[in-house]
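Notes follow once the structure below has been shown.
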Amino acid sequence: MRLLCVTLLLFPALAMAEPVQIPGPQGPLEAEMIAVAGAAHAVVLIPGSGPTDRDGNSAPMGLVSDTYRMLAEDLSANGIASLRIDKRGFYGSAAAISDPNDVTIAAYAEDARHWVEWAASLAPCVWIAGHSEGGLVALVAARRAPASLCGLILMATAGRPIGQLLIEQLRANPANAPLMPEIRSIVADLEAGQRRDPAAITPLLQPLFSAGLQRYMADLFSYDPVAVASDWQGPVLVLQGDADIQVRPRDADLLGNAMPQAVRVDLEGATHMLKADIDGKPLATYTDRTLPLHENLVPAITRFLDSASQAD
């Protein structure tokens, strides 16, 4: 017993994750909170596209990374509190809206602002950390920034309209070559706010361009991240891996050009999941939750937040 007491004195208590809820449009929105006593900063983690949960996983998409859970836990070890959210319509926030595709980027941004307001109870300075599509949500949310929002952390965030990024991603697979003319045509229609009858689309593409997804894509594709980014004059950290096969370093270039105040950190060898690439296994960081975060990710964030504190 005496040894146990000594051990507890030598090591700080582990921060415990706890689910919390706020009102949503039709039911509650849910997030996982890690509170840290005396924290100067709290980070609200916004997931990427599709049915990605608060931990960074998506069973329907075969994504098993635990990226957001690891990030939140590592931040807490550095004295930073966090909320990692489930988007409206998914997982703990499933009751917030009946159809998870019946949503807009502006609606996600509204939810993010409400979470920032709630997170002000965790720390005086709150940051939105958006991953991938979540970075666009962060930028849109910042257009009407709550008083407690200190700045943004953009992780593997596109600097080009998402429709054009989708074309690039699909074109990278040679097997899609026969489908590319139709894909470009559909994306052009969605960018113009027009939708296609799913039954008239090539069967292989119908799951990607279902009626519900087209509704969402038409809104998503209407945003130019550079135009939105140019509205934000506050602190911002842009994190980008050079082994990312979804969002490229030139996307970070575009965001940095739109926000001259941005701090840019390149993560050498990092994939879209913010983990070190495994040679010969391009999908390992998407499917192996045991792989750690890139070694420079959390240090980059903590340095940035420390610098922000010193600037104040």
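All of the numbers you see were taken from the coordinates with simple rules; none came from a lab. Worth saying up front: this structure is predicted, and the values here are computed from it rather than measured. Neighbour counts are summed over all protein chains in view; Cβ atoms, including those assigned to glycine, are modelled from backbone coordinates with ideal geometry.
Things to note:
- Descending Cα extents along the principal axes, region 199-293, whole Å: 46, 39, 19
- Under the convention that each Lys and Arg Cβ holds +1 and each Asp and Glu Cβ holds -1, the size of the dipole of region 163-219 around its Cα centre is about 60 debye.
- Point-to-point label distance, SER210-ALA192, nm (Cα→Cβ direction, 7 Å offset): 2.7 nm
- If you take the Cα centroid of region 96-158 and the Cα centroid of region 22-93, the two points sit 11 Å apart.
- Rg/Rh for region 163-219 (Cα atoms only, Rh after Kirkwood) is 0.93.
- Residues TYR91, TYR286, ranked from the fewest to the most other C-beta atoms within 10 Å, line up as TYR91, TYR286.
- The convex hull built on the alpha-carbon positions of the chain has an orientation-averaged projected area of 17.6 nm².
- Fully extended contour minus Cα-Cα distance, from SER309 to ASP253, at 0.36 nm per residue: 17.6 nm
- Paramagnetic reach from SER98 in region 167-200 [backbone N under 12 Å; point 7 Å along Cα→Cβ]: none
- Given their separation in residues at 0.36 nm each and the Cα-Cα distance between them, ARG144 and ASP279 gain 44.3 nm when the chain is fully extended.
- Of the trypsin sites (Lys or Arg not before Pro) found in region 204-272, no site is in coil according to DSSP while having at most 10 other Cβ atoms within 10 Å of its Cβ.
- Most tightly packed first, judged by the mean number of other beta-carbon atoms within 10 Å of their residues, the peptides 62-73, 132-143, 32-43 read 132-143, 62-73, 32-43.
- Residue-averaged [θ]222 nm for the chain, counting only DSSP H segments that reach four residues, each worth -39500 (n - 2.57): -10500 deg cm²/dmol
- Three semi-axes describe the equivalent ellipsoid of region 45-105; taken as square roots of 5 times the Cα gyration tensor eigenvalues and ordered largest first, they are 23, 13, 8 Å.
- Dipole magnitude for the chain: computed about the Cα centre from +1 point charges on Lys and Arg Cβ and -1 point charges on Asp and Glu Cβ, it is near 100 debye.
- Here the extension length gained between GLN169 and GLN26 equals 48.0 nm, from 0.36 nm per residue of separation less the Cα-Cα distance.
- Of all the options GLY280, GLY24, GLY241, the one that moves most in a Gaussian network model of the chain with Cα springs shorter than 10 angstrom is GLY280.
- Principal-axis tilt of helix 180-191 within the chain, Cα atoms, nearest 10 degrees: 70 degrees
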